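Participant: I am attaching a structure below and will ask some questions about it afterwards.
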Amino acid sequence: MKQLYTILFFSLLFSCQENQPAKSPNVLFLFADDQRADALGIYGNSYIQTPTIDQLAREGSRFTNAYVMGGNHGAICMASRAMLFSGKNLFRVYDKLQGEHTMTMDFAAAGYKTFGTGKWHNEREAFESSFQEAKNVYLGGMANHYELPLRDFDDRGKLGKPERKGYSTELFAQAAIEFIKSHSQSNPDQPFFAYVAFTVPHDPYSPEATYINHYPDGSLPLPGNYMPYHPFEFDHLTVRDENLTGWPRKPEVIQMILSDYYALITHLDGQIQRILNTLKETGQYENTIIVYAADNGLAAGSHGLLGKQSLYEHSSKIPLIIKGPGVPADQELDAFAYIHDLYPTLADLAGLPQPKDIDGKSLVPVISGDQEGVRDALFTSYRNTVRAVRDEKFKLIRYPERDYTQLFDLERDPLELNNLAENPAFASKKEELFQLMAEWQGQFKDTVALTADIIKPMAYDPDTLQRKPDQWQPEYTLKRYFEED
């Protein structure tokens, strides 16, 4: 009889343990700044060294057709981050988050501790209402990576006075590490949402000192769609990033840019390894949803451009990796995704109710294999000067102020070099995509006419383009990229 009671006791004990709800998964959101999708080893780049991010992708699922929808001015990252946190499309939120219900608000309401560090290029008040804890927060856009003015939360949950503390990538990683360690000790049963927004590889291209010359000048190949000039004018050709070097874009200078750009990313990869090691050391790695993404891409010499103020693939496509509970390992997905899909996707993966009044769509049905995609086509926009739409194979780019169209077969021409718009064999496809573009414009209430009332010339004289360094360029980049002038 005593033996029977013992058996019953342990049976009840194990039954109670099995019925206890599992701890909700943590979320670690790692966000790069200006990283084009192909600047990772796992995305087919054999020259760049990104072992940590590559391994993260092998342990999770990666999207090969993830995009930022565009921007309403040259600082694409402002609109991108507003879309990410609100779950809304460009034409509903633009670059403003003030007054919007944000992604981390939902997680806080569900009992999560929310923490933020790094770049916040939207309103200060929106950050303060979106996070419960914060350290080393940068309010702004482009800045010197060595001297960012960083702020911490005070005891009222407000961002305090800025201090300059050291190299940004390492400071953001350290803040995340300290939060994970502290939270695992003080509140081990409470899930967390940690948002880590790096300022690299955004220019100025000034790698951390020990990573300078990590990729020797001239050792990296030019982009396959490198051009000395963009073939026509479509907007301000001297906007922001475009000023880093002159015209023509000299091959050796583009290789210098790539050397610095890749060094910034490889250093970032090492700092991410430190964060992931902390998750492992605190026993939280397996129960953490980890996202790696970027706010937009970058030309870096492609099509004679340097920045992200265009709708070519290199500037609008982003890396997107998701790893964690319920996410299949080593899975490559070609479904169309927007950055504002991440809000409902993370809510879905974490078991939160689906947010209301948003435009993003949960990617979980795609990740789980229940659906091939959540949309059949994809629309992007930049200011009032460019519109683009793509389907599974073809992409149409329209320049209303120039009355000019490009049509690319992305399957055969992924570098967007062969314009088929005037080829009679593709006339029906061109018309089909024009109609699709008009439908998307109607859906998003985009009122820009696809042919402007006043048509501007496409030709321009590169010799008249003038550039000058901005206030954020450190001595390293001034000597490297501006002494030639």
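The values are calculated or read from the model by the stated rules, or taken from the named source; none is laboratory data. Being a predicted model, the structure only gives us computed values, none of them experimental. So basically every Cβ, Gly included, is an ideal-geometry build from the backbone, and we count neighbours across all protein chains shown.
Participant: Could you please find all residues in segment 428-449 being in a loop (DSSP other than H, G, I, E, B) and exposed (fewer than 15 other Cβ atoms within 10 Å of the Cβ)?
Facilitator: Of all residues in segment 428-449, those in a loop (DSSP other than H, G, I, E, B) come to 445-449.
Those that are in a loop (DSSP other than H, G, I, E, B) and exposed (fewer than 15 other Cβ atoms within 10 Å of the Cβ): LYS445, THR447, ALA449.
Participant: Oh, and also: Which condition breaks for THR117 when tested against (1) closer than 17 Å to VAL27 by Cα; (2) modelled with pLDDT under 95?
Facilitator: Here THR117 meets the rest and fails (2).
Participant: Oh, and also: Please count how many residues of segment 98-127 are surrounded by fewer than 23 Cβ atoms within 10 Å (Cβ to Cβ), in contact with a Phe, Trp or Tyr (Cβ under 6 Å, 6 or more places away or on another chain) and among the polar types (S, T, N, Q).
Facilitator: Count: 1.
Participant: Could you please give the count of residues in segment 246-262 that are in a loop (DSSP other than H, G, I, E, B), touching a residue at least 24 places away in the same chain (Cβ under 8 Å) and either surrounded by fewer than 21 Cβ atoms within 10 Å (Cβ to Cβ) or among the hydrophobic types (A, V, I, L, M, F, W, C) (or both)?
Facilitator: Start the filter on segment 246-262 by keeping residues that are in a loop (DSSP other than H, G, I, E, B), which leaves 246-250.
Filter once more, so that each one left must be touching a residue at least 24 places away in the same chain (Cβ under 8 Å): 246-249.
Filter again for either surrounded by fewer than 21 Cβ atoms within 10 Å (Cβ to Cβ) or among the hydrophobic types (A, V, I, L, M, F, W, C) (or both), leaving 246-248.
So the answer is 3.
Participant: Next question. Quick one: which helices (runs of 4 or more DSSP H) lie wholly within segment 40-112 and hold at least 2 residues that are in contact with an Asp or Glu (Cβ under 9 Å, 6 or more places away or on another chain), within 21 Å of VAL196 (Cβ to Cβ) and hydrophobic (A, V, I, L, M, F, W, C)? So that I can check it myself, show each step before the final result.
Facilitator: Values: elements: 51-59, 76-86, 90-93, 103-109.
The helices (runs of 4 or more DSSP H) meeting that bar are 51-59, 76-86.
Participant: Taking the residues in segment 451-485 that are surrounded by 15 or more Cβ atoms within 10 Å (Cβ to Cβ) and among the hydrophobic types (A, V, I, L, M, F, W, C) as candidates, determine which candidate is farthest from ASN144 (Cα to Cα).
Facilitator: ALA452
Participant: Go through segment 47-91 and report how many residues are within 26 Å of THR266 (Cα to Cα), in contact with a Lys or Arg (Cβ under 8 Å, 6 or more places away or on another chain) and among the polar types (S, T, N, Q).
Facilitator: Looking only at that region, the number is 2.
Participant: Looking only at segment 455-485, which residues are within 17 Å of HIS236 (Cβ to Cβ) and either of a type in the set (A, V, I, L, M) or in contact with a His (Cβ under 6 Å, 6 or more places away or on another chain) (or both)?
Facilitator: Residues satisfying the conditions are MET458, ALA459, LEU465.
Participant: What strands (runs of 3 or more DSSP E), lying completely within segment 366-427, carry at least 1 residues that are modelled with pLDDT of 95 or more and polar (S, T, N, Q)? Write out each step before concluding.
Facilitator: Working: elements: 378-382, 386-390, 394-399, 404-409.
The strands (runs of 3 or more DSSP E) meeting that bar are 378-382, 404-409.
Participant: Related question: Could you please find all residues in segment 200-227 being more than 16 Å from TYR47 (Cα to Cα) and surrounded by fewer than 14 Cβ atoms within 10 Å (Cβ to Cβ)?
Facilitator: ALA209, THR210
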